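For reference, the structure is listed below as structure tokens.
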Amino acid sequence: MNIDDIFNQKIEVADLVLPKFLLAENPIVPNIDLTYIYSPHYMSLIMVIEENSEIVSLNDTYRAMPQQLFVYDELEQFRFVVIQNNVISTGGIYAPIISVEQFIEEAWQWYKAYLDWELTQMQGL
């Protein structure tokens, strides 16, 4: 194969799909029961707090941020706190315009699907 063949060959490129949500963590900080969900579509960050954790307590700044409590499997509770909120300002660019409340609900549905998947992975062991 010569250089012309290399430049003229057709290469299939997979479609790049920007995920709506990504699971995020800071691996160099000791685990303090915090998980984060980042949304590239809305350039926003949600802090996920397991409510049974006694380590995390919200200060006044975080208490004032949009948040909602969700129950998973009647055993676990998760508080979603939007700590970087660009939902309104970025809506319509990469994703539809939605409310912050709808954004939190969609993040919960995504996270709940992740928890379900994680449970099936552990049951397979």
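Distant-in-sequence amide contacts of His41, defined by a placed amide H-H separation under 5 Å and a gap of 5 or more residues or a different chain, comprise nothing. On the stretch 67-125, 53 percent of the accessible area sits on carbon and sulfur atoms, based on a 1.4 Å probe. Each of the peptides 115-124, 87-96, 34-43 was scored by the mean count of other Cβ atoms within 10 Å over its residues; in descending order, highest first, they stand as 34-43, 87-96, 115-124.
The values are calculated or read from the model by the stated rules, or taken from the named source; none is laboratory data. As the structure is a prediction and not an experimental result, all values here were calculated from the model. Here Cβ is always computed from backbone atoms with ideal geometry, including for glycine, and neighbour counts include all displayed protein chains. Just the protein is used for accessible areas: all its heavy atoms, side chains included, with ligands, DNA and RNA removed. Shrake-Rupley method; radii C 1.70, N 1.55, O 1.52, S 1.80 Å.
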